[in-house]
Structures are given as C-alpha cells and as structure tokens.
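Everything below concerns the one structure shown next.
The values are calculated or read from the model by the stated rules, or taken from the named source; none is laboratory data. Owing to the predicted nature of the structure, the values given are computational and were not obtained by experimental measurement. When we count neighbours, we look across all protein chains shown, and the Cβ atoms used for this are built from the backbone with ideal geometry, even at glycine. Please note that ligands, DNA and RNA were not included when accessible areas were found on the heavy atoms of the full protein model with its side chains. Shrake-Rupley method; radii C 1.70, N 1.55, O 1.52, S 1.80 Å.
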Amino acid sequence: MSGRVGIFVGLCTAALYFVSSWIVALRSGLKQSPIVHHLQVSRPSLLQLGVGFVTNFFDTLGIGSFATTTAIFKIGRMVRDELIPGTMNVGHTLPTILQAFLYIAIIQVDLTTLLLLIGSAVLGAWWGAGLVARLPRRTIQLGVGAALTVSVLFMAMAQLHWFPIGGEKLALGGFRLASGVIGTCLFGALSTLGIGFYAPCMILVSLLGMKPLAAFPIMMGSSAFLMPAASSRFLMSQVYDSRAAAGLALGGLPGVLLAAFIVKSLPLETLRWLVMVVAFWGALLLFRSALHGTDPRITSAGINGA
C-alpha cells in the first residue's frame, strides 16, 4: 500500500508540474504576438469543452481519446494540423491523471512491474515529443494520418479478438518484463504523435500472459506520467493550441467522473466501430491535406469560427 501511496504522490507532483509549466508557457506566449495573445487569453468555446467531455468520457470506458480527438479536430477544422499532437497531449493530461488515480486504486498490479512500465513509457514520450515538436507541417500531417490508421487497426484487432485473451499474471519478470519495458517505451514515443496507448498496451500485456484488466492501471498510469513529460516539450516549443487544449482539460475532468461513477453500461462494441469510422475519415482528410499542401479551410489563428 505504501508503494501505491508513493505513486499517488507522484501523480500529484506530475499534475502540479504540468499546471506550472502551462502557466509559464501562457505567460511566455502573451509576449509573442497579437494572435498568440488572443488565443492565450480566450476562454474555450462550448464546442471545445464538449469535445473534451466526450473524448475523455470514452477514454475512461476504454475506447481511447487520441484517435477520437484527432478525427474531431480535423473533420471539424478546429485546430491546425501541425498543432494537433501538442494540443491533444496538453489537453488530455489532467483528465488522464484523474483516470490513473481511479484505476491504480481499484486494480492491483505488481508494483515493480507497474513502476518499470510507467518509467519506460515516460522516457519514450519525452523523446517522442521533442522530435514531433520540431517536425514540419506536412510531415506531421502524414505522421498523424498514419497514427490514426494504425490506431484504427489496433482497435479493429481488439474488436475482432485477433490477439491472445491473456493469462492470469499480475506481475512480470525476466524476459517478459524486459519485453514489456521495451514495448511501453515504444508506445510512449508513438503516443505523442497520436497513436493511442490503450489498444497496443492491451495487446502487449495479453501477449505477455497478464490479465487484460491489468492494462488499465498500466495504461492510465503510464499515460498520466508520460503526458506531463511530453506536454512540457510542446509547451516550451509553443506547438499547441492553448484554447482547444483548455477545452479538452476543463471538459474532460467531469467526463472522467461521469464515466467512472455514474455510467455503468454502454453499447461499447458499437461505439468502438463508430469511433473507428470517424478516425479513419479523419486520417483520409489529413493525407489529402498533406498531398495538396496547406488546408485553406483552417485559419491562420488555428481555429475556424471558434
């Protein structure tokens, strides 16, 4: 129990670090230009709050948030393509930390396994965010489009049960633990580009013989620690849309609580197929924008009509 208390203290520290980093980034952004000033001080719209609520509501139920958010941002023309990865990482950080508190408290996974997998995911995210923040617009369009496509494939594999159901392990050791560390490090790096962590993590723990339920504290705990690390890189580089990110954060927190404590059942199988269709459509739009140059429908300020 004392080990988990340490994790909870770490989550609180990560949340404080993230919030302070965001405040510093906002103050820095106010000095850059009138456009940035307008974006930094504007409150999120009801639509942006709604996106945060819905995507984090589904994320808490195990559907994921990155593929859904990317598709909505692209189809709704809400965020410039090159700002989508940073906006998602920044905006979903606080709701994900809240999810981590809930799942780590409820589902008991071996502490050593949990800490090592979380640590490797954080290292991967730190490296990945630094790389993504420096990529040009077209590369990000292609990369996020590919990430969406891969996310859809992972979700389809989960829906069709194309990977092992898993075993009964709640702890890993030896080769299995080393494989888990390498896998979560890779998934942490890819998550900064928009590949959701849940589906690949579920496949990984199943292949390693763990209970599928063990994916939840591993996935949420890893995301809760890796996202502040990744977000700080995007914040320092100012490669995000602060207004849309605020909508994800402020709308996402009540979405997490509603899903965790009030909603008991939903037709998740049907919802996952719907999410896959929406995500694939968003990927096609990103590929089209990359092939035809700058998308004229998105304003230079980063938000069209919001």
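Both the radius of gyration and Dmax for the stretch 197-246 are 14.5, 42 Å, in that order, over alpha-carbon atoms. With the simple spin-label model, which puts each label point 7 Å out from Cα in the Cβ direction, the L111 to F261 separation comes to 2.7 nm. Net length available on complete extension from S45 to T13 is 8.6 nm, with 0.36 nm assigned per residue and the Cα-Cα distance removed. On full extension, the segment bounded by R77 and S237 gains 55.4 nm, given 0.36 nm per residue less the C-alpha separation. The label-point distance for L207 and L291, in a model that sets each label 7 Å from Cα toward Cβ, rounds to 3.1 nm. Each residue was assigned an accessible area with a 1.4 Å probe, and for W126 the value is about 110 Å².
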